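Student: Encoded as structure tokens, here's the structure I'll be asking about.
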Amino acid sequence: MNTSPVGPLLMGSEIYRGSSYGAWHPLRVPRVSTVLDLARSMGWLPPERFRASPRAKPAALTIWHTPDYVEALRRVEEEGAADEATKMRHGLGTVSNPIFPEMFRRPATGAGASLLAGELLRHGGRIHNPGGGTHHGMPDRASGFCYLNDAVLGILSLRRNGAARIAYIDIDAHHMDGVEHAFAEDPDTLLISTHEERRWPFTGALEDRGVGQVFNLPVPRALNDTEMAHTRDRLILPTVEAFAPDAIVMQCGADAVEEDPLSRLTLSNNAHWGILSALMPLSPRFLLLGGGGYNPWSVGRLWTGNWAVLSDQEIPDRLPPGAEAVLRNLRFEGNSRGRNPPEHWFTTLRDPARPGPLRAEVSDRVSALAARVGAMPGRVL
């Protein structure tokens, strides 16, 4: 039996190429396919570093999702329509969670990757699943573009494969309501979320604490790199270190960067990479997920950079011609950001740094949460 750490591995699938939630949905843009194309054009994805994402079978999804919901999702994809009862109960066929040709197969592929990752990481290693991070999915219904919750399924798979203590860190612009719903009462699952305040789903209050292991940081508009670095150094890293997890799952939504149309935060992708690189040494098992991200250039560049960090590649100042061609061929129809994209979206992965003032509303909230770390259940002294 092989007991060596796995990876780093990038898990992906061709199902994401050309699959869309619809012509006017925020998830009409290419994301995972862009990451695969960029990584290959950079020479960062040799065959031994790539693993095709399997499609999770319905029975595997019922370790958290209800059998009725999984069957409804599969049936609605097959029939291409949802009756009113199914729409009301399961949230299918709505503006946010529309009916589209791959509406079961696509999320089941993201979930299959996270489930398999839990198995592959039994003896340690690093895996990137950019098709994952669907943190709003609920046991019996779709929510917020998320038909399944692969983050929850990945955590359960890691636990089933020997990880007793798991830290989940979520830096998406939107609160991880589905994951908190699953683990708020579990002292062996640390939950840390940074998310824009007063933004859907309007959960994740500073005061919410689960059984003492939930740390929600709502942040104000215009969050900058300086403030995110402060959050990393004063809250995220000390809390994870005190918890001493057997595994880390990080949801790295790209919607917190300045160019994203669905948030009002102003981070550069350097902020995400800084948190990722700082977290990697803190656990022998590391599962990195995608998440939000609705500008094809910013999400493709950020998640490809994630893979570079996870697989110890050096990010160049200027992209080679093949990678530049991938970015120049992207389109962002129906959004003003697609009309005159700046040149650096084509020629670089790394954004210019976006520092700024450390506002009291950020530092005070970070301090309030950091003061709770000493009372966290099961912390390592």
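The values are calculated or read from the model by the stated rules, or taken from the named source; none is laboratory data. Remember, it's a predicted structure, so these values are computed and weren't measured experimentally. Using ideal geometry, Cβ is built from the backbone for each residue, glycine included, and neighbour counts are taken over all protein chains shown. Areas reflect the complete protein model, heavy atoms only, side chains present, ligands, DNA and RNA absent. Shrake-Rupley method; radii C 1.70, N 1.55, O 1.52, S 1.80 Å.
Student: Any chance you could count how many residues in region 137-153 are in contact with a Leu (Cβ under 9 Å, 6 or more places away or on another chain) and farther than 24 Å from P238 by Cα?
Tutor: 8
Student: A further question follows. Go through (1) closer than 23 Å to A173 by Cβ; (2) modelled with pLDDT of 95 or more; (3) surrounded by fewer than 24 Cβ atoms within 10 Å (Cβ to Cβ) and name the single condition G334 misses.
Tutor: (2)
Student: Quick one: how many residues across region 159-201 are in contact with a Lys or Arg (Cβ under 7 Å, 6 or more places away or on another chain), over 17 Å from V240 (Cα atoms) and open to solvent by less than 40 Å² (accessible area, probe 1.4 Å)?
Tutor: 4
Student: Let me spell it out: the conditions are (1) free of Cβ contacts under 8 Å to residues at least 60 places away in the same chain; (2) buried (at least 19 other Cβ atoms within 10 Å of the Cβ); (3) within 16 Å of the chain's Cα centre (by Cα), and G204 meets all of them except one. Which number is the exception?
Tutor: (3)
Student: Now for a different question. Anything in region 37-54 that is of a type in the set (K, R) and buried (at least 19 other Cβ atoms within 10 Å of the Cβ)? List them, or say none.
Tutor: R51
Student: Give region 30-52 a look and list any residue that's touching a Phe, Trp or Tyr at 6+ places or on another chain (Cβ under 9 Å) and acidic (D, E), or say none.
Tutor: The answer is none; no residue qualifies.
Student: Given the criterion within 30 Å of D312 (Cβ to Cβ), open to solvent by less than 10 Å² (accessible area, probe 1.4 Å) and touching a residue at least 60 places away in the same chain (Cβ under 8 Å), identify the matching residue among G131, G137, G112, G118.
Tutor: Exactly one residue qualifies, and that residue is G118.
Student: So which of A182, A113, A163 ends up being assigned to a loop (DSSP other than H, G, I, E, B), among the aliphatic types (A, V, I, L, M) and out of contact with any Leu (no Cβ under 6 Å at 6 or more places or on another chain)?
Tutor: Testing whether each residue is assigned to a loop (DSSP other than H, G, I, E, B), among the aliphatic types (A, V, I, L, M) and out of contact with any Leu (no Cβ under 6 Å at 6 or more places or on another chain) leaves just A163.
Student: On to the next question. Any residue in region 111-124 that is out of contact with any helix residue (DSSP H, G or I) (no Cβ under 9 Å at 6 or more places or on another chain) and over 20 Å from W64 (Cβ atoms)?
Tutor: yes
Student: In this structure, is T62 open to solvent by 30 Å² or more (accessible area, probe 1.4 Å) and touching an Asp or Glu at 6+ places or on another chain (Cβ under 6 Å)?
Tutor: no
Student: Still on this structure: Just for region 348-381: of the residues that are touching a Gly at 6+ places or on another chain (Cβ under 8 Å) and surrounded by fewer than 16 Cβ atoms within 10 Å (Cβ to Cβ), which one is farthest from E227 (Cα to Cα)?
Tutor: Filtering region 348-381 for residues that are touching a Gly at 6+ places or on another chain (Cβ under 8 Å) and surrounded by fewer than 16 Cβ atoms within 10 Å (Cβ to Cβ), the one farthest from E227 (Cα to Cα) comes out as P377.
Student: While we're on this one: With open to solvent by less than 50 Å² (accessible area, probe 1.4 Å), at pLDDT 95 or above, part of a helix (DSSP H, G or I) and among the charged types (D, E, K, R) as the only criterion, which of R106, R89, R75 stands out?
Tutor: R106
Student: Moving on. Among the residues of region 8-36, write down those that are closer than 23 Å to F50 by Cα, assigned to a loop (DSSP other than H, G, I, E, B) and open to solvent by less than 20 Å² (accessible area, probe 1.4 Å).
Tutor: Listed by number, the residues that qualify are S19, V29.
Student: Does any residue of region 200-208 turn out to be within 24 Å of R28 (Cβ to Cβ) and modelled with pLDDT of 95 or more?
Tutor: Yes, that holds for at least one residue.
Student: Among the residues of region 43-53, which ones are touching a strand residue (DSSP E or B) at 6+ places or on another chain (Cβ under 9 Å) and either among the small types (G, A, S) or in a loop (DSSP other than H, G, I, E, B) (or both)?
Tutor: Those that are touching a strand residue (DSSP E or B) at 6+ places or on another chain (Cβ under 9 Å) and either among the small types (G, A, S) or in a loop (DSSP other than H, G, I, E, B) (or both): W44, L45, A52, S53.
Student: Scan region 334-355 for residues that are charged (D, E, K, R), assigned to a loop (DSSP other than H, G, I, E, B) and within 23 Å of the chain's Cα centre (by Cα) and report the count.
Tutor: Residues that pass the stated criteria total 3.
Student: Let me ask something else about it. Just wondering, is there one or more residues in region 7-24 that are modelled with pLDDT under 95, farther than 18 Å from C146 by Cα and touching a Lys or Arg at 6+ places or on another chain (Cβ under 8 Å)?
Tutor: yes
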